[in-house]
Structure formats: C-alpha cells, structure tokens
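A.B. asks: Below you will find the structure I want to go over with you.
The values are calculated or read from the model by the stated rules, or taken from the named source; none is laboratory data. Bear in mind the structure is a predicted one, so any value in this text is a computation, not a measurement. Note that each Cβ is placed from the backbone with ideal geometry, even for glycine, and that neighbours are counted across all protein chains shown. Calculation scope for accessible area: heavy atoms of the full protein, side chains included, ligands and nucleic acids excluded. Shrake-Rupley method; radii C 1.70, N 1.55, O 1.52, S 1.80 Å.
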Amino acid sequence: MAYPRGGMAVKDLSFRVAKGEFVFLTGHSGAGKSTILKLISADLRPTHGELRVSGFSIGELTAREVPKLRRRLGIVFQDFRLLQDRTAEENVAFALEVTGARPDTIPTRVHRVLTQVGLASRGRAYPTELSGGEQQRVGIARALVNDPPILLADEPTGNLDERSSRGVFQLLRDINAGGTCVVMATHELALVRQTQYRVLEMREGSLVFDSAEERIATEGVS
Amino acid sequence: MSLLTRETIRSFRRAPMLSALSITTIAFSLFTVGLFGLVAVNMREALRGISTRVQIEAFLLRGTPPETITLASQDIAAFPEVEAVVYVDEDQALQRAQQELVEFKDAYRDLQVNPLPASLQVTLKEEYRDAASAAAVARRIEGFSFVDDVRFGQEWIERLDRLRNLAGFVGLVIGLAFAAVAVVIIGVTIRMTVLQRAREISIMRLVGATDAFIRGPFLLDGALKGLLGGLLAILLSRAAFELFRRNSTTGLHTLLFFEPKHLALGILFGVAIGLGGSLVSVGRHLRNV
Ligand SMILES: Nc1ncnc2c1ncn2[C@@H]1O[C@H](COP(=O)(O)OP(=O)(O)O)[C@@H](O)[C@H]1O
Ligand SMILES: [Mg+2]
C-alpha cells in the first residue's frame, strides 16, 4: 500500500487472522501499524495485492459497501474520537442511530454496552468530564454497540496512564473472551509480554515477525 | 423528533454565527433580486398603462353606408387580437380635434366643410399590444374596400416593444447573477460547516453511516437556511418598499408590491438556492473529509 505522495507504507506482507483471535500488531512508530488497520477498515485501499475482511474484498469495495463493512467492525483510537458536545450515552447512541437502529431499542442497548465497559453510572457525563481511561471506555462501548465480530484498536492505551491502560487492556481481553476478534496495534511491549496472544511485528512497512509462524500465501484478515 | 431534525438543530446550535451568516447572505442576495423584481414589476405595470394607448385607426372613405360600417365593425371585433372597435363619425372627429388640439381651435371653428374623415378606433387585447400584432391587424383592416388609410403609430409601438424586452432581459440577467452569487455564498458557508464538522463526519463514517445519511442533515440545513433567508428577504423588501413609497414625492401612488404567488416563488427560490448550494458543496467536500 502506497500513500498518494509517499513511498510504500506497507509492503510484502501476508497474514491471516482467525475468528475470535486476539492479535497484537507491534512495531516502532512509523512501522505501518495504523496503515494496516486503515486498510482493514477500508479507510485506505491497497494499491497492490489482495485483502479480505469478513467476506469483503477491500480492493474492490464500492462506496456503498464501505458502510456495510464498517458495521461489522468496531474501531478504537488512541485519541478516543468522541464528539465533545454529546454525553457518553449520546456518543454511543450515535453509532446506533447512524446505522438506522430502531429508536426504541437504542437506550437499552446503550445502557447494556456502557455497563459492559464499566461506565453504567457515567452515561450523562460529557467527554471533558471523564478521565482518559473513561473516555476510552466510551470509545470502546461505541465500537461494541453494533456487536461487531471484529474490533480494531489503534494504540488504545497510548494516551493513558499505566493504571487506566491496564484497565482498558483488561477490558479488551474480556471482550475477546466473549468471542470478538481483537486486533490491537501497540508499541507498549509491557502489555504484549504479559499475555500469550499472537504478535505480528512490523518494521518499515514489512511484517518481520509472526509469533504464530504461520505464513499463508494470501495477504488477508478474516 | 426525528434524528434528521435533531442533527440539523444541533448543527444550527453549534454554529450560530455561521448559520446567521448563511441566512443573512441568502436574505441579502434574495433581497437584491427582490429589489430588481420590484422595479421590474412596477416598470411592467407602467408599460402596461402605456400600452393601453396602442390603437389602430382606420380612416373611412366618405360616403360609406352606415350598414357596411356596422357589419365591418362586427367583423373586426371578431378578430382574435381585437378587444374593441369604436366608430367615430366625422362630427365626433371634429369635436375631438377641437378639444385636443387647442392651438387649432380657431382654424377648425372657421371651417365651412369638415375635413376630418370618419374612423374606426380599434383597441387590442393586452397580450397583442405589440408591433407585429398591430401591423397584422392593420393589414387585415386595410383589406376592406371602404378603408382609406390605417395608422397605428408603428414606431412608438416598436419602441415600447424594445423597452419591454429590455426590462425583461435586464431583470432576468441581474436576477440570475445574484442567484448565482447566493449559491456560491451558500456553498462557501456549507463548506465551512463541513470543515467545522469534519471530525463528526469522519466519526459518522467510522461507525458505518452511509453517505446519504451524512448528507441528509446538511441538505435540510441548507434548505432551512434558504427558507429563513427567503422570509427575511421578503421582510426586507417590504420594508424597503414601504420606505420608498412613503418618501416618494412623485405621483407614483399606485406602486405595486409582489403578489402572493411571486412571494411563494421567492421563498421556493431561497430553498432551491440553499439546497443547491448544500448539494454542490457537500458532494464536493464530503469526499475530502
Ligand atoms: N497520509 C500519509 N501520507 C503519506 N505517508 C503516510 C501517511 N500516513 C502515514 N504515512 C507513512 O506511512 C508509514 C507508516 O505509517 P503508520 O502506519 O502511521 O505507522 P504506525 O502506525 O506504525 O506508527 C510511515 O512511514 C508514515 O510516514
Ligand atoms: Mg499509528
């Protein structure tokens, strides 16, 4: 994958992620982690090669199909990306409203997912009234509310102190234990080492290490 | 309340200055169109007044039997272009001449023989008061054997025609120019709104909103601003109209304001400008967010 005015951002790589797996995507800053996640969410299109996500072929995705893909993905960012003029509840509800969920089902679903991330009592708070860790939990709740089979997290703990960081990571592990596939980009090796999850290490746009050592000819995530 | 309206109100509330700016720019653009419109409406009304004087005079040969004239009058009155036919006999012609041409009053009084011929005064229906129709009717009247001469002031009718066309043309061009300006301004303000809401839009995208869904509030927003701008423009036009009417010392007491259907058209135009501006701008800028 090459950026319009850049060189190849990620190249020569091929991997497959199974349903319900937890995968770390590691590497130094600029290694290409975010690029991989953007490719998976069709925010970027591969300039070469093939990429399949949950039955969608990213290279051939039409503009109409992108929203369909996105509804099968939950995406979490380092900077939370919450709407500042909406409460935690409204931020989460937004993800349901936008996808045309039945209005009468929204409050219950929002409450359920806020409870899941441990914020049942903070639903009425605005992002500025929440700690970083709490804001990221709102971000995760928003990503989860549509029950996606895949959760993508780009440095989800990058802006958090150690304690919040551990809490958020534990939450992601719990979510994965519930059957959701989690792909988490991070450069915090402390988190990576504390578990036995699969690790994909990037360096200068290439995959240099796969703890599963299972390389398959097609580049892909499913 | 539907999601669409809620999101639209949110966008209004979040950017009150920008919203106010959009509405006032639409209002002032439409107001300018409105002022030219008022001038055009009143000019047309004035021209209409003048055009009632478009008249064809058919002078008759002396000694034409009255029955022939009556029959011919009926024939002419049945022409599709003709509104009315009035017969003016020699005596009436002389009386009129003495009244209207005061300078010649004495000359006419001393006459032993009336030199003026009898005539048929033919007026045309409103939509036919132009040079071409007048000439066509005149030619047909000339065909009657007892008609000596036909006059209809061709030159000034042609001048009236040109004036009418010019007024319509200038009004249209200026109107379109200002409408284009308004569309551009709306486009710019919508673009600013899109940029201001770029983050929100990217988050909507992220959670799987379709482009149609994202566009919805912007379009409603634009249409609403157009509507409010249109209403404001009408208020401004009315105010300007009253101000002008009160301060005008000329004899123009019959100044006209727009008819309700023109006002409705103006509002519709405002909505169209708002929608058009949003459509163009949202289509172009959403892709770059
Ligand atoms: N929008 C962009 N345009 C051009 N190059 C980019 C852009 N975004 C990232 N890159 C480049 O792509 C490479 C990978 O970046 P990224 O995927 O963000 O790395 P990471 O997330 O691992 O820090 C880097 O060399 C970066 O400079
Ligand atoms: Mg990154």
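A.B. asks: Take the stretch A:1-20 and flag every residue that is among the aliphatic types (A, V, I, L, M) and either under 16 Å from residue A:210 (Cβ atoms) or more than 16 Å from ligand 1 (Cβ to nearest atom) (or both).
C.D. replies: Narrowing the stretch A:1-20 to residues among the aliphatic types (A, V, I, L, M): A:1-2, A:8-10, A:13, A:17-18.
If the condition is that a residue be among the aliphatic types (A, V, I, L, M) and either under 16 Å from residue A:210 (Cβ atoms) or more than 16 Å from ligand 1 (Cβ to nearest atom) (or both), then A:10, A:13, A:17, A:18 are the ones that fit.
A.B. asks: Taking the stretch A:120-138 only, how many residues are more than 16 Å from residue A:83 (Cβ to Cβ) and among the hydrophobic types (A, V, I, L, M, F, W, C)?
C.D. replies: The number of residues fulfilling the criteria is 1.
A.B. asks: Among the residues of the stretch B:198-224, which ones are touching a residue at least 40 places away in the same chain (Cβ under 8 Å) and open to solvent by less than 10 Å² (accessible area, probe 1.4 Å)?
C.D. replies: B:201, B:214, B:217, B:218, B:221, B:222
A.B. asks: Something else: Restricting to the stretch A:4-22, and then to whatever is more than 14 Å from chain B (Cβ to nearest Cβ) and free of Cβ contacts under 8 Å to residues at least 40 places away in the same chain, can you tell me which residue is farthest from ligand 2 (Cβ to nearest atom)?
C.D. replies: Among residues in the stretch A:4-22 that are more than 14 Å from chain B (Cβ to nearest Cβ) and free of Cβ contacts under 8 Å to residues at least 40 places away in the same chain, the one farthest from ligand 2 (Cβ to nearest atom) is A:5.
A.B. asks: Going through the stretch B:265-281 one residue at a time, which ones are under 13 Å from residue B:30 (Cβ atoms) and open to solvent by 20 Å² or more (accessible area, probe 1.4 Å)?
C.D. replies: B:265, B:266, B:267, B:268, B:269, B:271, B:272 - these are the residues of the stretch B:265-281 that are under 13 Å from residue B:30 (Cβ atoms) and open to solvent by 20 Å² or more (accessible area, probe 1.4 Å).
A.B. asks: For the stretch A:80-101, how many residues meet the condition of being in contact (Cβ under 8 Å) with a residue 24 or more places away in the chain, at the interface with chain B (Cβ under 10 Å from one of its Cβ atoms) and either of a type in the set (Asp, Glu) or open to solvent by 50 Å² or more (accessible area, probe 1.4 Å) (or both)?
C.D. replies: Residues meeting the conditions: 3.
A.B. asks: If you don't mind, there's one more thing I want to ask. Taking into account only those residues within the stretch A:23-46 that are more than 12 Å from ligand 1 (Cβ to nearest atom) and surrounded by fewer than 19 Cβ atoms within 10 Å (Cβ to Cβ), which is nearest to the other protein chains (Cβ to nearest Cβ)?
C.D. replies: Here the residue is A:45.
A.B. asks: Restricting the first residue to the stretch B:8-24 and requiring it to be under 13 Å from residue B:190 (Cα atoms), which pairs with a second residue that is among the polar types (S, T, N, Q) meet a Cβ separation below 7 Å and a spacing of at least six or different chains?
C.D. replies: Cβ pairs passing all conditions: B:11/B:193; B:12/B:19; B:15/B:193; B:15/B:196; B:18/B:189; B:18/B:193; B:21/B:189; B:22/B:189.
A.B. asks: Consider residue A:50 carefully, then state whether it is away from ligand 2 (no atom under 16 Å from the Cβ) and either within 20 Å of residue A:148 (Cβ to Cβ) or not assigned by TED's automatic domain parsing to the domain that holds residue A:188 (or both).
C.D. replies: no
A.B. asks: Sticking with this structure for a sec: Of everything in the stretch B:189-210, what is of a type in the set (Val, Ile, Thr) and within 12 Å of chain A (Cβ to nearest Cβ)? Give them in sequence order.
C.D. replies: Of everything in the stretch B:189-210, those that are of a type in the set (Val, Ile, Thr) and within 12 Å of chain A (Cβ to nearest Cβ) turn out to be B:201, B:203, B:207, B:210.
A.B. asks: If residue A:201 satisfies all but one of (1) within 14 Å of ligand 1 (Cβ to nearest atom); (2) at pLDDT below 90, what's the number of the condition it fails?
C.D. replies: The one condition residue A:201 does not meet is (2).
A.B. asks: Is it fair to say residue A:132 is over 20 Å from residue B:10 (Cβ atoms) and open to solvent by less than 60 Å² (accessible area, probe 1.4 Å)?
C.D. replies: Numbers: over 20 Å from residue B:10 (Cβ atoms): yes; open to solvent by less than 60 Å² (accessible area, probe 1.4 Å): yes.
Here the answer is yes, as residue A:132 does meet what is asked.
A.B. asks: Which numbered condition trips up residue A:77, out of (1) in contact with a helix residue (DSSP H, G or I) (Cβ under 9 Å, 6 or more places away or on another chain); (2) within 16 Å of ligand 1 (Cβ to nearest atom); (3) within 21 Å of residue A:155 (Cβ to Cβ); (4) in the same structural domain as residue A:207 (by TED's automatic domain parsing)?
C.D. replies: (4)
A.B. asks: Would you confirm whether any residue within the stretch A:2-22 is outside any loop (DSSP other than H, G, I, E, B) and buried (at least 19 other Cβ atoms within 10 Å of the Cβ)? Don't jump to the end; show me each part of the working.
C.D. replies: The initial filter retains those residues of the stretch A:2-22 that are outside any loop (DSSP other than H, G, I, E, B), namely A:2, A:8, A:22.
When the remaining residues are screened for being buried (at least 19 other Cβ atoms within 10 Å of the Cβ), the result is A:22.
Yes: the stretch A:2-22 contains one or more residues that are outside any loop (DSSP other than H, G, I, E, B) and buried (at least 19 other Cβ atoms within 10 Å of the Cβ).
A.B. asks: Out of all the residues in the stretch A:54-69, is one or more facing chain B (nearest Cβ under 9 Å), open to solvent by 50 Å² or more (accessible area, probe 1.4 Å), over 21 Å from residue A:197 (Cα atoms) and touching an Asp or Glu at 6+ places or on another chain (Cβ under 8 Å)?
C.D. replies: First pass over the stretch A:54-69, keeping only residues facing chain B (nearest Cβ under 9 Å): A:63-64, A:66-69.
Filter once more, so that each one left must be open to solvent by 50 Å² or more (accessible area, probe 1.4 Å): A:63-64, A:68.
Filter once more, so that each one left must be over 21 Å from residue A:197 (Cα atoms): A:63-64, A:68.
So of that shortlist, the ones also touching an Asp or Glu at 6+ places or on another chain (Cβ under 8 Å) come out as A:63.
Yes: one or more hits.
A.B. asks: Hey, does the stretch A:105-128 have a residue that's surrounded by fewer than 21 Cβ atoms within 10 Å (Cβ to Cβ), of a type in the set (D, E, K, R) and either over 16 Å from residue A:74 (Cβ atoms) or within 16 Å of ligand 1 (Cβ to nearest atom) (or both)?
C.D. replies: The answer is yes, given that some residue of the stretch A:105-128 is surrounded by fewer than 21 Cβ atoms within 10 Å (Cβ to Cβ), of a type in the set (D, E, K, R) and either over 16 Å from residue A:74 (Cβ atoms) or within 16 Å of ligand 1 (Cβ to nearest atom) (or both).
A.B. asks: With the condition kept exactly as written, say whether any residue in the stretch B:224-244 is within 14 Å of chain A (Cβ to nearest Cβ) and over 26 Å from residue B:41 (Cβ atoms).
C.D. replies: No, because not a single residue in the stretch B:224-244 is within 14 Å of chain A (Cβ to nearest Cβ) and over 26 Å from residue B:41 (Cβ atoms).
A.B. asks: Then there is this: Anything in the stretch A:100-118 that is more than 23 Å from residue A:176 (Cβ to Cβ) and in contact with a Lys or Arg (Cβ under 9 Å, 6 or more places away or on another chain)? List them, or say none. Give the derivation first.
C.D. replies: Step one: list which residues in the stretch A:100-118 are more than 23 Å from residue A:176 (Cβ to Cβ), which gives A:100-108.
Matches in the stretch A:100-118: A:101 only.
A.B. asks: Suppose the filter is within 30 Å of residue B:237 (Cβ to Cβ) and part of a helix (DSSP H, G or I); does residue B:76 pass it? It would help to see each step written out before you state the result.
C.D. replies: Details: within 30 Å of residue B:237 (Cβ to Cβ): no; part of a helix (DSSP H, G or I): yes.
Spelling it out, it is not the case that residue B:76 is within 30 Å of residue B:237 (Cβ to Cβ) and part of a helix (DSSP H, G or I).
A.B. asks: While we're on this one: Name the residues in the stretch B:79-101 that are of a type in the set (A, V, I, L, M), in a strand (DSSP E or B) and more than 34 Å from the chain's Cα centre (by Cα), would you?
C.D. replies: B:88
A.B. asks: Could you please give the count of residues in the stretch A:142-190 that are aliphatic (A, V, I, L, M), more than 16 Å from ligand 2 (Cβ to nearest atom) and either assigned to a loop (DSSP other than H, G, I, E, B) or surrounded by fewer than 17 Cβ atoms within 10 Å (Cβ to Cβ) (or both)?
C.D. replies: Narrowing the stretch A:142-190 to residues aliphatic (A, V, I, L, M): A:143-145, A:150-153, A:160, A:168, A:171-172, A:175, A:177, A:182-185, A:189-190.
Okay, now just the ones that are also more than 16 Å from ligand 2 (Cβ to nearest atom), so A:143-145, A:150-151, A:168, A:171-172, A:175, A:177, A:182, A:190.
Cutting the leftovers down to either assigned to a loop (DSSP other than H, G, I, E, B) or surrounded by fewer than 17 Cβ atoms within 10 Å (Cβ to Cβ) (or both) gives us A:145, A:177, A:190.
Adding up the residues that qualify gives 3.
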